[in-house]
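Since every read-out is calculated from the coordinates, none of them should be taken as a lab result. What you see is a predicted model; the values in this text were computed from it and never measured. Neighbour counts run over all protein chains shown; Cβ positions are idealised from the backbone, glycine included.
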Amino acid sequence: MAVRVVVGAQWGDEGKGKITDILAESAGAVVRYQGGSNAGHTVVVNGEAFKLHLIPSGILHEDAFSIMGDGTVIDPQGLKDEIDGLKARGLSCKHLYVSGCAHVIMPYHRLLDGLQEDARGKDSIGTTRRGIGPAYTDKTARMPLPVRMWDLLCKDTLRERIENQLAQKNTIIQQLYGHAPLDVDETLDEIWPAAEALHPYIRDTRQLLLGRVDAGDDIVLEGAQGTFLDLDCGTFPFVTSSHPIAGGACLGTGIGPTMIDDVYIVAKAYTTRVGAGPFPTEDTGEQGDLIRERGHEYGTTTGRPRRCGWPDFVVIKTSARINGATGIALTLLDVLDAFEEIPVCVAYEIGGERFDTLPSQADLLSEATPIYETLEGWSEDITGCTTYEALPAAAKAYVEAVENSTGVPVKFISVGPGRNQTIKR
């Protein structure tokens, strides 16, 4: 039995879904431990792409339990639509379970998310406007009682929660933002059909998961977003509202830290970021555009073009330390096939001082000048390579440079979108 955590090493969109899918082949349970429908994973199986937003990547393995843990926030209509879409493609979702303790994204959360972003103007932090932040805010505030998945099991309880919430929220919506108030009955009618459809999936997932641990199953704990979007460890305030780091896997599932055997951080061979926030190695010119097009760098959930730039070993090294990484999964290495030379950031210069790890103060990071070393490119197609030995010498040198920078072995190398285009070391 092994419990493994899969964590994004950068600012999200690293290809975690593919690595989780590979680990799920032998897993008894795959658990999404935080985040909401602002995340997205794309997994390609036999040439067929599955775009997942809320449901763990383990759903593609019918015998594995797919669990949405306590730390997630659930949009009922979004989850119902995702289940319906998977069933239409022949997946049963028979082992999908949703924590009753997970909080629910309500229509007023989505409205407030948009109103808040609009009010920030040029200081917008780039949320997906899907209500994730306001839902986590209510979870932390606790009063009036927010809606949890347990509350979807009883229409009267759900109505009471909505009524109490709107008594407060409508004051903010009207007086602060000048928007029309929401009606209790209309809000209930909007959410109830999806809520009712989710009744069979709501469980005490904490006990369910601990039972799988006791049975000796392999467990995969899957994070959304990435290390530097973590609420505490990320580039605040340009972060998400939860804890994508490995420690968040314990918070969002009920698994104790001493139960975890491995932490795999997933890093792109280059770097991307969505939305606002500091990004030292961003390339806004032709080469950045080439990376975007070769990597198909557009959001799975939002379709937004991602900001693209060169490899940043400072980010990966810092992520390895924060997460206690035991292995690295290096993804999209094939995107770098097109470059004769690859600039690699090995440190930052900030105010005349050298930084070898990421400063925790986002204002400092926004002033960082990358210190680059240049690695030789390989300028050949590696998408057909199935072993490490088959990679060009320069590609292997790049992998070894990642290992030397972090002190952590690269265990997986993705050279294409397909499930079988992953080299295991």
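Measure out, as a whole number of angstrom, how far apart the alpha-carbon centroids of region 96-140 and region 369-425 sit.
Taking the Cα centre of each part, region 96-140 and region 369-425 sit 37 Å apart.
Principal axes first, then extents: for the Cα atoms of region 103-197, list largest minus smallest coordinate on each axis, whole Å, largest first.
Result, largest extent first: 42, 24, 22 Å.
Taking every DSSP beta bridge that has both residues in the chain, what percent is antiparallel when rounded to the nearest 5?
So the antiparallel bridges amount to about 40 percent of the total.
Test of the criteria: in region 264-349, which GluC sites (Glu not before Pro) are in a DSSP loop and have at most 10 other Cβ atoms within 10 angstrom of their Cβ?
Answer in residue order: E340.
Among 362-374, 135-147, what's the highest-first ranking by average C-beta atoms within 10 angstrom per residue?
135-147, 362-374
Figure the gain on full extension for K396 and A141 (residue separation times 0.36 nm, minus the Cα-Cα span) and round it to one decimal in nm.
86.8 nm
Over all directions, average the projected area of the Cα convex hull of the chain and note it in nm².
The Cα convex hull of the chain, projected and averaged over all directions, gives 20.1 nm².
Compute the distance from the alpha-carbon center of region 270-332 to that of region 1-55, in whole Å.
So the two Cα centres are separated by 17 Å.
Grab the DSSP H runs of the chain that are 4 residues or longer, score each as -39,500 (n - 2.57), total them, divide by all residues and round the 222 nm result to the nearest 500 deg cm²/dmol.
Here the helix-only value at 222 nm equals -9500 deg cm²/dmol.
In nm, give the distance between the simple-model label positions of E293 and T374, each being 7 Å from the Cα along the Cα-to-Cβ direction.
The two pseudo-label positions are separated by 2.4 nm.
I want to make sure I understand the PRE zone here: with the label point 7 angstrom from the Cα of D204 toward its beta carbon, which residues in region 142-170 have backbone N atoms less than 20 Å away?
Correct set: 148-154.
Given 37 °C and 0.692 mPa s, compute D for region 346-418 with the Stokes-Einstein relation, Rh being the Kirkwood radius over Cα pairs; round to the nearest whole µm²/s.
For these conditions, the coefficient is 223 µm²/s.
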